[in-house]
Structures are given as C-alpha cells and as structure tokens.
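Peer 1: Here's a structure for you.
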Amino acid sequence: MHPILFEIPGIHFPLRTFGALLGLGFLVGAWLFSVLIARFSKSPARDVEAYSALPTWILFGIIIGARLLYVIVEIARGSPVGREFLSEPWRVIAVWQGGLVMYGGFLGAIVGGVWCAKRHKLRPLHAMDVGIVAGFIGQAIGRWGCLMVGDDYGSRVPEKWSWLPFPITVRVPSPLPPESLFGDENAGQLLWATQPMMSFKALIVAAVGYWVLRRRRYEGQAAWTAVTTYAVLRFVVEFFRGDSVRGVWFDGAVSTSQLISLAAGAFGAAMLIKNRSRRDAFEA
C-alpha cells in the first residue's frame, strides 16, 4: 500500500514502511518483555537487569533463523531463487533483498533467547513464557508492515464473499505504488487481507499466552500453549494466502508453513500432555 514511508531529504534515502514497523514492533516487544519480567518477579529491579540482554540475542536469532529457513526451503524446492543461492552463496546474507520465514525467526528467537538465558544462569523456560507473549505483541505490529509493502498477500476473494469489508478483504491499489510486492497481476483486485489476519492472530496468541502465564502451574506452560495456538491459527490462515513465495508442496496441497505448523502444533501439544501433572515451586 505504502512501501516507502518517506525519503530522507538531501540524500534521497528511502525509509521503508516495513522496516519502520518491524523496528517499532521489536521495540514494543522488548519493552513489554521487561514489563512482564518485572510483573512476574519478586525482585523486579534485579530481574529486569538480569534479563536485559535477552531481547538483543532474540533479535539476532530472529534474523538468522528467518533467513536460513527461507534459504533452505528455496533450495529444497529447486526454485530459481534456490538455484541462485547455490550458484552465488553470497546472496544468503542479502536479507535486504527480501526472503524471511516467520517460523525460522520463531525458532531462531527461542534458540537465541534460551542460549542467552543459560549463559547468564537465568531461567530459560521462564524467559520463553514471558518472551513469547511480548514477542507476539511485537509481531502484531510488524505484520502491518507486510500489508504496507504488499508482502504475504492473500488470494483473490470469490465473488460471493466480495461484500466482506477490510480488514477481512483488501482492495489492492491500481496502479501499484513503486516497489510494492503485491504483483502487477493483483493491481485493482480484491484479496483476502491475510496480513491483518496474521496481526490479529498474533494478538490472539499473545492473549492466550498471557492468560496462561498468569495461571501457569509450571514454567514453559505459557510457551507450549502459545506454540500450539499459533500453529493451529497459522495453518488456517495459510488457506487464504496467494503468494507463491511462501512455498507449496504436493502439487499445491499444503504450504511450507502448514507443514511446519503440523510439526509445531504436535510438539506443543505433546509438551502440554507430558507436563499436565507438573507443579513448579516458582522462584523469586
């Protein structure tokens, strides 16, 4: 919709809306992380300082994980982009050219956060419980950046559902603004508004995670519940996606994210079942 927020005067450097909203989402998520750490601690000042390094490592994990999974998927699919990665390996680090997979970022964030927590002798599962709630609030903001740039767009809306308003559907501008990722074939078309759907999905996951966090019986319960909830909702939203870059398998039957959702949902549910009788004596 609005890929370029504005250009910096004098040097004509474009500030991209996607990057601005992604950065805002991270800052809000990092702030909420510190708020929640203080909220669920008997020594707020001590714990806020102790856990302060985690958001930085989580950010590194998001970028590295999201990029690596995209590269792996494209190579596995044998796509033109995947062949470029093999012939020109330097393109793997060219994140500014696009190509990030949320599930990879999700896994990377967990790995980065848990590694940092263990290194500083903190409580990894407690950090996951808190971080996953704050992180999905941040993602809810960042997903609006996807709408502004035209990324992760939906498929065309059937005529019988064309009366549904925004944010369920979205009318793509025609002509498209420069650097929009909606694709010329979608100019002027009515698409499912999958970007707002994914933003609302993130808010639902955060709300469910926070509800469990306030009532959890053991560390990790909020995280496993959020993972399971996200997997189910993401699987459903994928049916409304229309961008081929997300990767589809088995003659278009399922997308990459749906396959990962099946695995992630099964894992999250298994952890909840495994720990259903667990009771932790929470630390201060």
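The values are calculated or read from the model by the stated rules, or taken from the named source; none is laboratory data. Treat the numbers as computed from the prediction; the structure is a model and nothing was measured. Virtual Cβ from ideal backbone geometry, glycine too; neighbours counted across all protein chains shown.
Peer 1: Which ones in the stretch 117-133 are charged (D, E, K, R), in contact (Cβ under 8 Å) with a residue 24 or more places away in the chain and closer than 14 Å to Ser52 by Cα? So that I can check it myself, show each step before the final result.
Peer 2: Taking the stretch 117-133 as the starting set, the residues that turn out to be charged (D, E, K, R) are 118-119, 121, 123, 129.
Those left that are additionally in contact (Cβ under 8 Å) with a residue 24 or more places away in the chain: 123, 129.
Selection gives Arg123 alone.
Peer 1: Within the stretch 140-167, can you find the residues that are under 24 Å from Leu22 (Cβ atoms), surrounded by 16 or more Cβ atoms within 10 Å (Cβ to Cβ) and hydrophobic (A, V, I, L, M, F, W, C)?
Peer 2: Of everything in the stretch 140-167, those that are under 24 Å from Leu22 (Cβ atoms), surrounded by 16 or more Cβ atoms within 10 Å (Cβ to Cβ) and hydrophobic (A, V, I, L, M, F, W, C) turn out to be Ala140, Ile141, Trp144, Cys146, Leu147, Met148, Val149.
Peer 1: Something else: Residue pairs, Cβ under 8 Å, 6 or more apart or interchain, first in the stretch 211-237 and on the phi > 0 side of the Ramachandran plot and free of Cβ contacts under 8 Å to residues at least 24 places away in the same chain, second outside any helix (DSSP H, G or I) and among the aromatic types (Phe, Trp, Tyr). List them.
Peer 2: Going by the 8 Å Cβ cut-off, there are no qualifying pairs.
Peer 1: Which one is farthest from Gly145 (Cα to Cα), of the residues in the stretch 78-96 that are within 23 Å of the chain's Cα centre (by Cα) and modelled with pLDDT of 80 or more?
Peer 2: Looking at residues that are within 23 Å of the chain's Cα centre (by Cα) and modelled with pLDDT of 80 or more, I get Gly82.
Peer 1: If you don't mind, another one. Output yes when any residue across the stretch 97-115 is surrounded by 20 or more Cβ atoms within 10 Å (Cβ to Cβ), in contact with a Phe, Trp or Tyr (Cβ under 6 Å, 6 or more places away or on another chain), at pLDDT below 85 and not polar (S, T, N, Q), and no when none is.
Peer 2: Checked the stretch 97-115: at least one residue is surrounded by 20 or more Cβ atoms within 10 Å (Cβ to Cβ), in contact with a Phe, Trp or Tyr (Cβ under 6 Å, 6 or more places away or on another chain), at pLDDT below 85 and not polar (S, T, N, Q).
Peer 1: Here's another thing I want to ask about it. When the residues of the stretch 1-30 are filtered to those that are touching a strand residue (DSSP E or B) at 6+ places or on another chain (Cβ under 9 Å) and exposed (fewer than 14 other Cβ atoms within 10 Å of the Cβ), which remaining residue is farthest from Ser180 (Cα to Cα)?
Peer 2: Per the stated criteria, the residue is Ile8.
Peer 1: Continuing with the same structure: Would you be able to tell me the number of residues in the stretch 192-209 that are crowded, with 22+ Cβ neighbours inside 10 Å and farther than 20 Å from Asp152 by Cβ?
Peer 2: Residues in the stretch 192-209 being crowded, with 22+ Cβ neighbours inside 10 Å and farther than 20 Å from Asp152 by Cβ: 1 in total.
Peer 1: Please determine, by comparing only the residues of the stretch 253-284 that are of a type in the set (Ser, Thr, Tyr) and outside any loop (DSSP other than H, G, I, E, B), which one is farthest from His126 (Cα to Cα). Reasoning before the result, please.
Peer 2: The initial filter retains those residues of the stretch 253-284 that are of a type in the set (Ser, Thr, Tyr), namely 255-257, 261, 277.
Add one more test, that the residue is outside any loop (DSSP other than H, G, I, E, B), and what stays is 255-257, 261.
Values: Ser255: 32, Thr256: 30, Ser257: 27, Ser261: 23 Å.
So the residue we want is Ser255.
Peer 1: Considering only residues of the stretch 225-244 that are within 16 Å of the chain's Cα centre (by Cα) and hydrophobic (A, V, I, L, M, F, W, C), which is surrounded by the most Cβ atoms within 10 Å (Cβ to Cβ)?
Peer 2: Looking at the filtered set, the residue picked out is Ala226.
Peer 1: Follow-up question, since we're still on this one. Condition test on Leu181, is it under 30 Å from Ile62 (Cα atoms), more than 24 Å from the chain's Cα centre (by Cα), surrounded by 15 or more Cβ atoms within 10 Å (Cβ to Cβ) and touching a residue at least 40 places away in the same chain (Cβ under 8 Å)? Walk me through it before giving the result.
Peer 2: Numbers: under 30 Å from Ile62 (Cα atoms): yes; more than 24 Å from the chain's Cα centre (by Cα): no; surrounded by 15 or more Cβ atoms within 10 Å (Cβ to Cβ): yes; touching a residue at least 40 places away in the same chain (Cβ under 8 Å): yes.
When the stated conditions are applied, Leu181 does not pass them.
Peer 1: For the stretch 88-132, what are the residues that are farther than 23 Å from Glu179 by Cα and among the β-branched types (Val, Ile, Thr)?
Peer 2: Passing the criteria: Ile110, Val111, Val114, Val130, Ile132.
Peer 1: Can Arg16 be described as farther than 30 Å from Tyr218 by Cβ, at pLDDT below 85 and within 20 Å of the chain's Cα centre (by Cα)?
Peer 2: Details: farther than 30 Å from Tyr218 by Cβ: yes; at pLDDT below 85: yes; within 20 Å of the chain's Cα centre (by Cα): yes.
Yes; evaluated as a whole, the condition is true for this residue.
Peer 1: From Ile75, Ile93, which residue is under 25 Å from Glu238 (Cβ atoms) and not polar (S, T, N, Q)?
Peer 2: Numbers: Ile93 fails: under 25 Å from Glu238 (Cβ atoms).
Matching residue, one of Ile75, Ile93: Ile75.
Peer 1: Now for a separate question. Quick check on this structure: which one of Gly209, Gly188, Gly99 is more than 30 Å from Ser52 (Cα to Cα) and either in contact with a Ser or Thr (Cβ under 7 Å, 6 or more places away or on another chain) or not in a helix (DSSP H, G or I) (or both)? Break it down stepwise before answering.
Peer 2: On the way: Gly209 fails: more than 30 Å from Ser52 (Cα to Cα); Gly99 fails: more than 30 Å from Ser52 (Cα to Cα).
Just a single option satisfies the conditions, and that option is Gly188.
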